[in-house]
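Written below as C-alpha cells is the structure these notes are about.
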Amino acid sequence: KLARWGLLALEDLRSEYEQAVLGSASGDESDSALLSKDDLVYKLLTHERMKAWETKGFQAKRIGKPETVMQVVMQCAHIESMSLAELLEWYKSAGFPMEQGLCRGDIAPLLKSVTVWHALPLPE
C-alpha cells in the first residue's frame, strides 16, 4: 500500500485518506486539504498500523497514541523472549502471590495485560 500511496496524485491521496478516516471513526479531525502528500501518506500508514495492532489485541483504539502502541508492541515482543526465571522475577516484584507450578503460559499473558494497562490513558 505504501508504494501505491506514493504514486497517487495528491487529490486521490486526500480522497483515500478521508475515506479511511471517515470509515474508521478514528477521531482524527485534521483537515486533509492542509496536509502535504508526505503527511497524508504518514497518516494513512499510521492509521493502517493502528488497525492492525487493534486486530492483534493491543488495544490501539483505547491507548490512542501510535507511538505508545508501538512501545507496547515492542514490550510484548520482549516479553515473548523473556525466560521463565525473568517472568517469575517480575511476577514476584509485582507483588503477586507465588504459586506452585507457574509457567510461562501463566505469567507472560499477565505481564502483557499489565503492559497494556500501563499504556492506557488515565480516564480509562
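Just a few scattered comments:
- Only one entry in Met70, Met82 is open to solvent by 70 Å² or more (accessible area, probe 1.4 Å) and either more than 30 Å from Arg14 (Cα to Cα) or hydrophobic (A, V, I, L, M, F, W, C) (or both), namely Met70.
Per-residue answers, yes or no, for (1) touching a helix residue (DSSP H, G or I) at 6+ places or on another chain (Cβ under 8 Å); (2) under 25 Å from Ala119 (Cα atoms); (3) among the charged types (D, E, K, R):
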| position | (1), (2), (3) |
| --- | --- |
| Glu11 | no, no, yes |
| Ala33 | yes, no, no |
| Lys43 | yes, yes, yes |
| Thr55 | no, yes, no |
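- Residue-level analysis places Asp31 among those that are open to solvent by 60 Å² or more (accessible area, probe 1.4 Å) and modelled with pLDDT under 85.
- Residues in the stretch 38-53 that are crowded, with 16+ Cβ neighbours inside 10 Å and over 15 Å from Trp5 (Cα atoms): Met50, Trp53.
The values are calculated or read from the model by the stated rules, or taken from the named source; none is laboratory data. Bear in mind that the values here come from a model prediction, so they are computed numbers and not experimental data. Don't worry about glycine lacking a Cβ; one is built from the backbone with ideal geometry, like all the others, and counts go over all protein chains shown. When the accessible area is computed, the model is the full protein with side chains, heavy atoms only, and any ligands, DNA or RNA have been set aside. Shrake-Rupley method; radii C 1.70, N 1.55, O 1.52, S 1.80 Å.
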